[in-house]
Every structure is written in structure tokens, then in C-alpha cells.
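Take a look at the structure set out below.
Please treat every number below as a calculation from the coordinates, not as lab data. Predicted model, so just to flag it, every value in this text is computed and none were measured. Note that each Cβ is placed from the backbone with ideal geometry, even for glycine, and that neighbours are counted across all protein chains shown.
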Amino acid sequence: MATFEIPTRNDIYNYTFQTDLETVTYTFKIRYNRRLDRQVMDIQDTVNNIPLIGGDDLLKQFHHLDGIPPGELKIVDLDQLNRDPNELTFSDRIILAYRETV
């Protein structure tokens with residue numbers, strides 16, 4: 001099972017990008033949610049407002065839905081300080097990592 005970083009940005013607050021995960025192209029949208037006071041992620045048109053917080057697999061509760069990557073998606077603090085990403089640290093010291101199922 002390979003694990004790799006999904007490229008994110010810290011120069012803009014709201015952006016959309018596509019990436020291939022296990023032979024399927026997925027569309028992600030990352031933006032700052034003022035109400036939650038944190039960055040959130042949408043995947044395809046399937047799931048919206050997933051809070052980007054460290055810890056468990058961000059996709060765990062959504063694997064039963066079509067359009068969700070089958071692997072694990074986690075926030076990883078490269079400094080091992082267990083921080084959640086913000087507009088300055090995301091893609092610099094805090095990354096989005098995907099671990100394939102096979």
C-alpha cells in the first residue's frame with residue numbers, strides 16, 4: 001500500500017483541483033468555512049464540508065458512498081505537533097496524505 005501527499009495550496013483560501021487516486025480521477029474543493037472557523041473539503045458532489053482536522057481517516061464515515069476514494073485520507077503534521085491545518089501551514093508543514101487500499 002503506497003502512501004503519498006496530495007498537493008494542496010496555502011496561497012489562496014478557496015480552490016478546486018483534481019487528482020488521480022487508484023485509477024479514478026476525483027475532484028476536491030478546499031476552502032475556509034467561517035462558520036466552523038476552519039478549512040473544509042468537498043469531494044466530487046458527494047460529500048461537502050469535511051472538516052480538515054488531524055487524527056483519523058477523513059473518509060472513514062463516507063466509504064459507503066459512491067464517488068469516495070477507497071483508501072485513507074489523513075491530515076499529517078510533519079512536525080508531529082498534532083496541529084490542524086490553517087491558511088499558513090497547509091501544504092507547508094501540514095499535508096494531506098492518501099494511503100491506497102492495495
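Numbers at a glance
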item	result
Scan of the range 19-52 for residues that are touching a strand residue (DSSP E or B) at 6+ places or on another chain (Cβ under 8 Å), surrounded by fewer than 16 Cβ atoms within 10 Å (Cβ to Cβ) and among the β-branched types (Val, Ile, Thr), ordered by number	19, 25, 27
The range 59-75, subset free of Cβ contacts under 8 Å to residues at least 24 places away in the same chain and farther than 20 Å from residue 12 by Cα, residue surrounded by the most Cβ atoms within 10 Å (Cβ to Cβ)	59
Count - residues of the range 87-99 that are surrounded by 14 or more Cβ atoms within 10 Å (Cβ to Cβ) and part of a loop (DSSP other than H, G, I, E, B)	3
